[in-house]
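One structure is given below, encoded as structure tokens.
The values are calculated or read from the model by the stated rules, or taken from the named source; none is laboratory data. Bear in mind that the values here come from a model prediction, so they are computed numbers and not experimental data. Don't worry about glycine lacking a Cβ; one is built from the backbone with ideal geometry, like all the others, and counts go over all protein chains shown.
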Amino acid sequence: MSPGGRRRLWLAAGRMAAGFLLAAALAWGGWIVANSLRPHPPRALTAAQGVPLRAPELKTDGVLDAAWLADTLALPARATLMELNLEHLQRRVVADAQVLTATLIRRFPDRLAVHITERAPVARVMAELGGRQQRLLVARDGAIFVGYNYDPEWLNTLPWLDGVTITRGEEGFLPIAGIRAAGDLMAKARIEAEHLYRTWSVISLARLKLDREIEVRTTRGTTIIFSTESDYLNQLARLDYMLDQLPATPGMTARIDLSLGREVPVRLELPPDGEPSAAIGGPRIQPPLSFLPAAQPRPTREL
């Protein structure tokens, strides 16, 4: 072969080798790009799949604690973070009416954080549940719940609610209608006239729907009628003045109607002859019993 032929042969072989190397480089680069675009689980997710879940972390603005949370979630002993269905667990937490809102967050690799806001009770209600009388709590929005971890002495300061019907639905007690008007009255009295509010024993909503009136019975036996269509602060001021004018007669009870504006009728009832002087503290008021229809079966819980 002549020198020119050998040179042409080497050039052709070099071009073939360069083309092969270029094709291999393009194929390698394409594989790298495709592999980078394919979704890969982060290392935290991979680690969380094999790590047992630690005790959930609870943050609340109320009184619920870790024991309540563990009982409510009822997580399996060897559950991992990635096995949890947060939507189902969130519904399980807010199924307790003491909880207003709940947010569940995964904290890798092994911690579930639960942030909740709680309803605050404003009154108590007595209902017959399961053949026995049971105390329930009522929030300002009418939600009814059993109440967990409250101080018993503080609960005893809440007034009883009367003139209401408690109904139990498929997922708990239905809210009490009209409680917001009573809640506004209690909030105003607690802030502006605490010395009066401390004596309130029973708040009745029996006349709320028809007459727009709220009846309050005190520990001293005084009955007070408030109008929901008038300013509560003015009515409380008139009430404070009227109570200061009442004679301090042992065993005497009074009925004060604030729903008629400036003309406040007051009816006094003196004890019959022979009434013991110890009655100065007023009659002992029993908690009113509210009607509760038969409970319906509740749906099973799911993890």
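What do you reckon, is ASP184 modelled with pLDDT of 95 or more and of a type in the set (D, E, K, R)? So ASP184 fails the test. For first residues located in the stretch 149-178 and farther than 19 Å from LEU208 by Cβ, partners that are among the basic types (Lys, Arg) and outside any strand (DSSP E or B) and lie 6+ apart or on another chain with Cβ distances below 7 Å form the pairs GLU170/ARG298; GLU171/ARG298. Against the numbered list (1) over 16 Å from ALA139 (Cβ atoms); (2) at pLDDT 95 or above, ARG168 comes up short only at (2). Pull up the stretch 226-235, narrow it to residues that are surrounded by fewer than 21 Cβ atoms within 10 Å (Cβ to Cβ) and either polar (S, T, N, Q) or within 14 Å of ILE203 (Cβ to Cβ) (or both), then point me to the one that is nearest to the chain's Cα centre (by Cα). Residue satisfying both the conditions and the ranking: THR228.
Taking the stretch 173-202 as the range and being hydrophobic (A, V, I, L, M, F, W, C), more than 22 Å from the chain's Cα centre (by Cα) and within 21 Å of ALA254 (Cβ to Cβ) as the test, the residues that pass are ALA189, ALA193, LEU196, TRP200, VAL202. Considering ALA177, ALA206, ALA187, the condition of being surrounded by fewer than 17 Cβ atoms within 10 Å (Cβ to Cβ) and over 30 Å from LEU64 (Cβ atoms) is satisfied by ALA206 alone. Taken together, LEU112, LEU69 contain a single residue that is assigned to a strand (DSSP E or B), in contact (Cβ under 8 Å) with a residue 24 or more places away in the chain, buried (at least 17 other Cβ atoms within 10 Å of the Cβ) and at negative phi, which is LEU112.
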